[in-house]
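All remarks here apply to the structure that follows.
The values are calculated or read from the model by the stated rules, or taken from the named source; none is laboratory data. Being a predicted model, the structure only gives us computed values, none of them experimental. All Cβ positions, even for glycine, are placed from backbone atoms using ideal geometry, and neighbour counts span all protein chains on display. Accessible surface areas use protein heavy atoms only, side chains included; no ligands, DNA or RNA. Shrake-Rupley method; radii C 1.70, N 1.55, O 1.52, S 1.80 Å.
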Amino acid sequence: MSKDKLWGGRFTQPTDKFVEEFTASIQFDKRLYHQDIRGSVAHARMLGKQGIIPLDDVEKIVHGLQKILLQIEAGEFDFSISLEDIHMNIEARLSAAIGEAGKRLHTGRSRNDQVALDIRLYLRDEIVEITTYLDLLLDALLNQAEANLDTLMPGFTHMQTAQPILFAHHLMAYVEMFKRDKARLDDCLKRVNVLPLGAGALAGTTFPIDREYVAEQLGFPAITRNSLDAVSDRDFALEFLSDASILMMHLSRFSEELIIWSTSAFQFIELSDGFCTGSSIMPQKKNPDVPELVRGKTGRVYGNLMAMLTVMKSLPLAYNKDMQEDKEPLFDTIDTVKGSLKIFADMIREMRVNSDNMGRAAGQGFSTATDVADYLVRKGLPFRDAHEAVGKAVAYCVENEMDITELSLAEWQLFSNKIDTDIFACITVEASVNARNVPGGTARECVMREIQNVRAGN
Ligand code: ARG
C-alpha cells in the first residue's frame, strides 16, 4: 500500500506490484548499505551540531544505524522491494526501531544527493582496492622480468619475426601499461573524492547545514560547488568505466599473447595447471581458460561503459530516474576488473618460461638482418643502400634454404665488399639485443635499469 511508503502522503492508490518491482533498485543497490549508513551518521551529527535536530535524537539515530549495520552484516536484515532502494529500506527500519528521531534523519537531505554520496564513497574505496590489485600484478611482472633478463625471444611486428628482444623487455612493456592504468585511476579518484551531500533534491536546502563538517567526517577533501551538478553528475563514474576499459584492453592483449605463447606451435610458456582446464573429448588438451575468459570479459567492461554513456546522453538537469541504471554497470565493472587482476597476478607469478624455445625462435626468421644493415652503415654505406644489400642476402638465403648465420665470408662479400669477419659477432641474437642500449631499448643493462627504476617507484 502506498501508505507504507516514505513518500506515500500524496498517493491514494497502491503501487502496481510489477511497477514496484520494475522501479526498485534494492536488488542491486543493497551493496551500498555501508556507505549509506556512514553517510547518514555524518549527516545526523552535522544536523545535531547545527541545532537542526536535537542532540538526543542524533544519539538515537547513530545507535540505531549501528544496530542496522550489524543486522545487515549478520544477514538478518529483510530487504523489502516495496521500500524501493537501500536508502528507504534503512530509513524505514530506523524509524520503526527508534520512532520520531528516525523520521528526523532525512532533514535537509534528498535521496538525490544521498545516492550520489553513496556511489562516490563506494567507488572511492573500490578504486583504492583496484590499485592494490594492480600493484600485485606489477610485482609479479617485475619478478618475472628480473628472472628473465637472459631470456631471448623474437620481437614481432605484424606478428612476423622482427628483431630479437629480451623476454624481460616484453614483460616490462606491460609494466608500463599497468603503471599508466594506475596513474589514470589515481587521477580519477580526485574527481570521485568530492562531497555532493547538501545539494538536496537539486537546489540546496533551507536549513543552516555545515557541508564542510560532513566532508571532514567522511574524509572528502572538497565539496561540490553547484547543487544541480552535484545530483546529476556521473562523470566520475564514466571516467572510472573508461579507465577500467583501457585497463581491460591491456589485459586482453596480454591474454592473447599468453594464449599464443602456450600453443604447441610456440611453446614459449606454460601456464600452471591451476589456471587451465581439460577437454571432455580430447585427452591431450590443456586449455588456457583464464586468459581466454579475461579476454572475453573485456567485452562486458566495454559494454558497461557504452551503457552508462548512453544512459547519461541527453539527460536534462538535474536528477532523472534513468540514473538509477548507473549502478549495475559500475558494480559489474568493479567485480570484473578486480577478479581479472587478481587472477592475472597469480597466473603470471606461476607462469613457467621455456627459455630454450624462445631463444631458438629469437634467432629464426632473419631476426638480425637489421643488425647487418646497421653494420654496413657503420662501415660508411648509406642506410638505404645497406638495406638493399641485406635484402639481397636474405633473398639468397631463402633461395638456398639457409639462415644468414650460415653464410660464409665469401658469400657475404657477394652482397657488399665492406663486410669482414667482424660480421659474425654482430649477428648473434645476444649481440643484436645488447647493441640496442638506448634509453627504453632492449639491451640487458637498459632493461635492468628500468626494472630498478620501477621498483624504486619511478
Ligand atoms: N534509487 C535511486 C537511484 O538509485 C535513488 C535516488 C532516487 N531519487 C528519486 N528522486 N527517486 O537513483
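Database remark: amide H of A435 closer than 5 angstrom to no amide H (H placed geometrically; neighbours at sequence offset of 5 or more, or on other chains; Pro and chain starts carry no H).
In the stretch 304-383, the inverse of the mean reciprocal separation of distinct Cα atoms equals 18.5 Å; this is its Kirkwood hydrodynamic radius. With 10 Å bins beginning at zero, the pair-distance distribution over Cα atoms of the stretch 322-367 amounts to 21, 23, 20, 18, 12, 6 %.
Measuring from centroid to centroid over Cα atoms, what is the spacing of the stretch 313-347 and the stretch 38-112 in Å? Here the two parts' Cα centres lie 26 Å apart. Among beta bridges from DSSP that stay inside the stretch 124-245, the antiparallel ones total about 75%.
Under a 5 Å amide H cut-off, with hydrogens placed 1.01 Å from N, L195 pairs with A222, I223, T224 among residues at least 5 apart or on other chains. As a length-normalised measure over Cα pairs under 8 Å and 6 or more apart, the relative contact order of the stretch 308-458 settles at 15 percent. With contacts taken as Cα pairs under 8 Å and at least 6 residues apart, the chain reaches a relative contact order of 16 percent. Using the rule -39500 (n - 2.57) for each DSSP H run of four or more residues, divided by the residues of the chain, the 222 nm mean residue ellipticity is -19500 deg cm²/dmol.
Put simply, the convex hull of the Cα atoms in the chain casts, on average, a shadow of 29.9 nm².
Provide the per residue accessible area, probe 1.4 Å, for the chain, rounded to a whole number of square angstrom.
48
Take the alpha carbon atoms of the stretch 438-454, find their center, do the same for the stretch 266-296, and report the distance between the two centers in whole angstrom. Rounded to whole Å, the Cα centres lie 32 Å apart.
In what sequence, highest mean first, do 76-85, 226-235 appear when ranked by Cβ atoms within 10 angstrom?
The packing order, highest mean first, is 226-235, 76-85.
A cut-off of 5 Å between modelled amide H atoms, ignoring neighbours fewer than 5 places along the same chain, links V353 with E270.
The distance linking the stretch 169-248 with the stretch 364-404 is 55 Å (Cα centroid to Cα centroid, whole angstrom).
Straight-line reach from K5: taking Cα to Cα under 19 Å and skipping same-chain neighbours fewer than 8 places apart, the lysines in range are K17, K30, K103, K321. Given C-alpha coordinates of the stretch 63-178, what is the ratio Rg to Rh with the Kirkwood estimate of Rh? For the stretch 63-178, the value is 1.36. Across the stretch 174-262 the C-alpha pair distances fall into 5 Å bins from zero in the proportions 3, 13, 17, 16, 13, 10, 9, 7, 5, 4, 2, 1, 0, 0 percent. Seen from a random direction on average, the alpha-carbon convex hull of the stretch 23-112 projects onto 5.4 square nanometres. From the residues M172, S255, A222, which one has its Cα farthest along the dipole of the chain in the positive direction, the dipole being from +1 and -1 charges on Cβ of Lys/Arg and Asp/Glu about the Cα centre? Checking the options against the dipole of the chain, the answer is A222. On the principal axes of its alpha-carbon atoms, the stretch 322-458 has extents of 74, 36, 34 Å, going from largest to smallest. Shape analysis of the stretch 113-180 yields a ratio of the Cα radius of gyration to the Kirkwood radius, Rg/Rh, of 1.27. For the stretch 323-416, the set of GluC sites (Glu not before Pro) satisfying both a DSSP loop assignment and a count of at most 10 other C-beta atoms within 10 Å is given as E401.
Viscosity 0.692 mPa s, temperature 37 °C: give me the Stokes-Einstein translational D for the stretch 374-413 in µm²/s, with Rh taken as the Kirkwood radius over C-alpha pairs. After rounding, the answer is 310 µm²/s. Taking the 1.4 Å solvent-accessible surface of the stretch 209-322 as the whole, the part contributed by carbon and sulfur is 55%.
Just the number: Rg to Rh for the stretch 218-346, Cα atoms, Kirkwood Rh, two decimals.
Numbers: Rg = 19.7 Å, Rh = 17.1 Å.
A ratio of 1.15.
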